[in-house]
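Accompanying notes for the structure given below.
The values are calculated or read from the model by the stated rules, or taken from the named source; none is laboratory data. Not measured: the values here are computed from a predicted model. A quick note on method: Cβ atoms are made from the backbone with ideal geometry, for glycine too, and the neighbour counts reach across all protein chains shown. These area figures cover heavy atoms from the full protein model, side chains too; ligands, DNA and RNA do not enter into them. Shrake-Rupley method; radii C 1.70, N 1.55, O 1.52, S 1.80 Å.
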Amino acid sequence: MGSEMCIRDSPWTPLLLTMLTQAAATMAAYTLSTASPHIAPDLGVENEDVAQLVAIVYGVGAISALFAPPLVHRFGGMAISLAICTAAGAMQALAVLSDTILMLGLASVALGCCYGMTAPSSSHVLAKLAPAKRRNIIFSIRQIGVPMGGILGGLLIPPLILLGGWRLAFSAQLVFVLVLALSIYMVRHRYDFDRDLHRRIFRPSGPARVIGLLRELPELRPLAFASVIYSGIQLCFGAFLVTQIVRLHGQEAYYFASAIALVTFQLSGIGTRIVLGFAADAWISARTLLAAQGVLMGISAIIASQYDCGWPLWLILANTALAGATASGYTGLAFAEFARIGGPPRAAETTGLGAALMFGGVAVMAPLFRLGIDVFGGYAVPFLVIAALAFISAAVLILFREKPVVLSDPRPHQTD
């Protein structure tokens, strides 16, 4: 009991490790889009064909998120973080060996098999440790792992490509993943003290029960709808940012797009997460802040729809910062809300549902965005469509506020 109380007073070690796990997995995924102008000619495909492989990672991740809760309860959140590092390493090794787009697609599947478990595994650990008055900021810091992975990809991948090609860019990440996996392994037993060794890890009805939380907890529904749309918009901005700038300004703009614009997109997301986390804990409700972000990301999408070759790069960079602050900066608040609604006993379930919905939004919207680029001959119409969806999502969050449901049984429901 004493050791458990000590652990409850020390959330920072698992927060750091789960944040870095998210960063490692995200960097592996975003390398596909960052390096796409170099991978595509080597594999004989279009840049956008490689960039949209990120959607495969998120599509498979959506499925893995639904199966994650029983695994988290059985093995512990930190043990699942270790499995995520293993999946990232497997993806990077497969990517290095890839000589066709199909094999690179299989590498994306390998990462996706555990990528969806990042939120439920870390949320299960942090929900036990985070004080209620600090929940939004702690979850927002955890989500910094996403833009951190994007920043590492934007800063490190181009020099590595210049040094030894895109395969070196993937292989170099293995060192970071192995060190992180070792660090998690050394401390995981301290934080996985509440494992349920009798929990069944697989039952076909498990995903259906997680999805059933939308019926059981009506407060989740507006948040769920907005999460699907916001996540899709985030990846439409992030995955196609490099390819859009290269299409407009030529291959000579590649290093600007990957090392400056993409990093700006991610950096602004980091700053926003921290500011909004503090604001939601102190002054304004997380739901209101999420709606405001939807309005701003819609405005940013409208601006992006107007890009042409006459736009100066600094103006594109300014709008990229706005896009990152909104489309990339919302996830910390969203997962904090999912965890709040579920409570500590069901944080893995509600955040697993949230991750599945977000990844599902990416898996659907990114390919449709890619199709829209071909059908309409550019990025203008696809960006106007996602702007409209952002405005609708913001309205849903404001207009359909559900009263919190008081649970009669505080124990976690079986989702396996």
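For region 118-170, the C-alpha radius of gyration sits at 1.64 times the compact-globule guess of 2.2 N^0.38 Å, with N the residue count.
With only Cα atoms counted, the chain has Rg and Dmax values of 20.1, 65 Å. Expressed as a whole percent, the accessible surface of the chain that belongs to carbon and sulfur atoms is 71, based on a 1.4 Å probe.
Surface analysis of region 294-375 yields an accessible area of 29 Å² per residue, using protein heavy atoms and a 1.4 Å probe. Considering only the Cα atoms of region 256-355, their convex hull presents on average a projected area of 7.2 nm². Note on D49: accessible area approximately 40 square angstrom, rounded to 10, probe 1.4 Å, nucleic acids and ligands left out. Rg/Rh for region 235-302 (Cα atoms only, Rh after Kirkwood) is 1.10.
Accessible surface for region 12-102, divided over its residues, is 28 Å² per residue with a 1.4 Å probe.
Along the chain, the longest continuous region that contains none of the chymotrypsin sites (Phe, Trp or Tyr not before Pro) in a DSSP loop with at most 14 other C-beta atoms within 10 Å is 1-192.
Counted by Cβ distance under 15 Å from R370, the other residues give a net charge of -3, where Lys and Arg count +1 and Asp and Glu count -1. For I56, what is the net charge nearby, where nearby means another residue's Cβ is under 15 Å from its Cβ and Lys, Arg count +1, Asp, Glu -1? Counting the neighbours of I56, the net charge comes to -1.
Dipole magnitude for the chain: about 1260 debye, using +1 per Lys or Arg Cβ and -1 per Asp or Glu Cβ, origin at the Cα centre.
Modelled this way, with points 7 Å down the Cα-to-C-beta line, the labels at A208 and E252 are 6.0 nm from one another.
Note down the Stokes-Einstein diffusion coefficient of region 106-249 in µm²/s, whole number, using a Kirkwood radius over alpha carbon pairs, 37 °C, and 0.692 mPa s. The Stokes-Einstein estimate is 172 µm²/s. Scaled against 2.2 N^0.38 Å for its residue count N, the alpha carbon radius of gyration of region 81-167 is 1.35. Per residue, the accessible area of region 225-282 comes to 29 Å² when a 1.4 Å probe rolls over the protein heavy atoms. Ordered from highest to lowest accessible area with the whole protein assembly present and a 1.4 Å probe, V275, V177 read as V275, V177.
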